[in-house]
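> Take this structure first; my questions come after.
The values are calculated or read from the model by the stated rules, or taken from the named source; none is laboratory data. Small disclaimer: the values here were computed from a predicted structure and weren't measured. Virtual Cβ from ideal backbone geometry, glycine too; neighbours counted across all protein chains shown. Heavy atoms of the whole protein, side chains included, go into the accessibility calculation; ligands, DNA and RNA do not. Shrake-Rupley method; radii C 1.70, N 1.55, O 1.52, S 1.80 Å.
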Amino acid sequence: MLLAVDIGNTQTHIGCFEGETLRESWRLATEAHATSDELGVKLLAFLGATGVDPDSIDGTIISTVVPQLGPAWEQMSERYLAERPLLVGTELRSGMPIRIDNPKELGSDRLVNAIAAYELFGGGCVAVDFGTSINFDAVSADGEYLGGAIAPGLEVSMQALVGRTAKLPRIDLASPGRAIGRGTVEAIKSGFVYGFAGLIDGIARRIERELTAELGGEVRFVATGGQAGVIAPYCESIDTVDELLTLTGLRLIWERNR
């Protein structure tokens, strides 16, 4: 069984694969200063609660955008699972050529999403990840990583709005129902849901025009991340939502490096 760990700035997503099948997955808040023992206790609790035997895990792969947590998760895997993990980076075989100015600055999560999106569509595509930031990652029809765009995420924007205003409340995002809110909460929902949907479609249309002008062919868009299900239904550009896209990409990289 494979343990795949995607460490984001806000959340950490963990999955257990049996072959190509995701057996279990969990999300927990990312704590930048967590120790390997703290991580081990939490992981064993997740495994025990869902009946997964830690001894059945014979592989671990980790992607992180929080550099100090990479060593902590590596130590955790070695101590609690007796497995030396793979850490996603430029030294691993990804199977995807990286056509940007400085490949070393590419975040591992962006590469992982691009690999999974290309596996899903098999042609020109873009992964749109709704995380702490909203990342657009474009792949050519030949499976080359081409670059993308980065925009502020919903949670960051909500924190900025509430923190800089005296009367506006923090809300849970959901369907606004209509564009003209009849109250403050409805107005915030409208601004965030329809506003971010417009942001997604605006950037997506520009990326699609550039890709088709340069490379031709169809371009498909897949959304992932914790907030994808809130915004994607209001986007005209998103073809599908796959909240497990990053975990799938980690499994693919692990298989290519076994």
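> So how do 28-38, 244-254, 132-142, 63-73 stack up, highest first, on mean other-Cβ count within 10 Å?
Put in order of decreasing packing, that is 244-254, 132-142, 63-73, 28-38.
> Just check segment 25-133 against the gyration tensor rule for me: Cα atoms, a ≥ b ≥ c as the square roots of the eigenvalues, rounded for a/c under 1.5, and otherwise prolate or oblate depending on whether a/b exceeds b/c.
In terms of gyration-tensor shape, prolate.
> If you don't mind, another one. Report ³J(HN,Hα) in whole Hz for each residue of segment 23-28, in order, from the Karplus equation J = 6.51 cos²θ - 1.76 cosθ + 1.60 where θ = phi - 60°; Gly and Pro get x.
Values, residue by residue: 7, 9, 8, 9, 10, 9 Hz.
> Another question about this same structure. Tell me which residues come under 5 Å, amide H to amide H, from G147 once H is placed; ignore anything under 5 positions away on its chain.
A138
> Using only the heavy atoms of the protein chains and a 1.4 Å probe, how would R164, R23 rank by accessible area, largest first?
The ordering from most to least exposed comes out as R164, R23.
> Label R209 and I98 with points 7 Å out from Cα along Cα→Cβ: what is the distance between them in nm?
Distance between the two pseudo-spin positions: 3.0 nm.
> Report the paramagnetic label zone for D37: residues of segment 70-99 whose backbone N is under 20 Å from a point 7 Å from Cα along the Cα-to-Cβ axis.
Counting backbone N atoms under 20 Å from the label point, the list is 70-83.
> Relative contact order of segment 182-258: what whole-number percent is it, with Cα pairs under 8 angstrom and at least 6 residues apart?
In percent, rounded to a whole number, it is 30.
> Would you compute, from DSSP H runs of 4+ residues alone, the mean residue ellipticity of the chain at 222 nm, taking -39500 (n - 2.57) per run and dividing by the full residue count, rounded to the nearest 500?
Calculated from helices alone, the mean residue ellipticity at 222 nm is -12500 deg cm²/dmol.
> OK, next. Using alpha carbons only, how many degrees (0 to 90, rounded to 10) separate the axis of helix 36-49 from the longest principal axis of the chain?
Result, in degrees: 80.
> Note down the magnitude of the dipole of segment 20-69 about its Cα centre, charges +1 on Lys and Arg C-beta and -1 on Asp and Glu C-beta and zero elsewhere, to the nearest 20 debye.
The calculated dipole for segment 20-69 is roughly 200 debye.
> While we're on this one: Measuring from label point to label point, each 7 Å out along Cα→Cβ, what is the A82 to L244 span in nm?
2.8 nm
> What is the chain by shape, rounded, prolate or oblate, if you read a ≥ b ≥ c off the alpha carbon gyration tensor as root eigenvalues and call it rounded for a/c under 1.5, prolate for a/b larger than b/c, and oblate otherwise?
Cα axes put the chain in the oblate bin.
> Then there is this: Say the dipole of the chain comes from +1 at the beta carbon of Lys and Arg and -1 at that of Asp and Glu; which of L43, V139, I180 then lies farthest toward its positive end?
With unit charges placed on the Cβ atoms, the residue in question is I180.
> For segment 222-235, take each phi angle, set θ = phi - 60°, evaluate the Karplus expression 6.51 cos²θ - 1.76 cosθ + 1.60, and give the result in whole Hz per residue in order, putting x for glycine and proline.
Each residue of segment 222-235 in turn: 10, 9, 8, x, x, 9, 4, x, 7, 9, 3, x, 9, 9 Hz.
> Using a/c under 1.5 as the rounded threshold, could you call segment 78-221 rounded, prolate or oblate? The axes a ≥ b ≥ c are square roots of the C-alpha gyration tensor eigenvalues, and prolate needs a/b larger than b/c, oblate otherwise.
oblate
> Suppose every Lys and Arg Cβ carries +1 and every Asp and Glu Cβ carries -1, with no other charges. What dipole size does the chain come out with about its Cα centre, to the nearest 20 debye?
Around 940 debye, computed over the chain.
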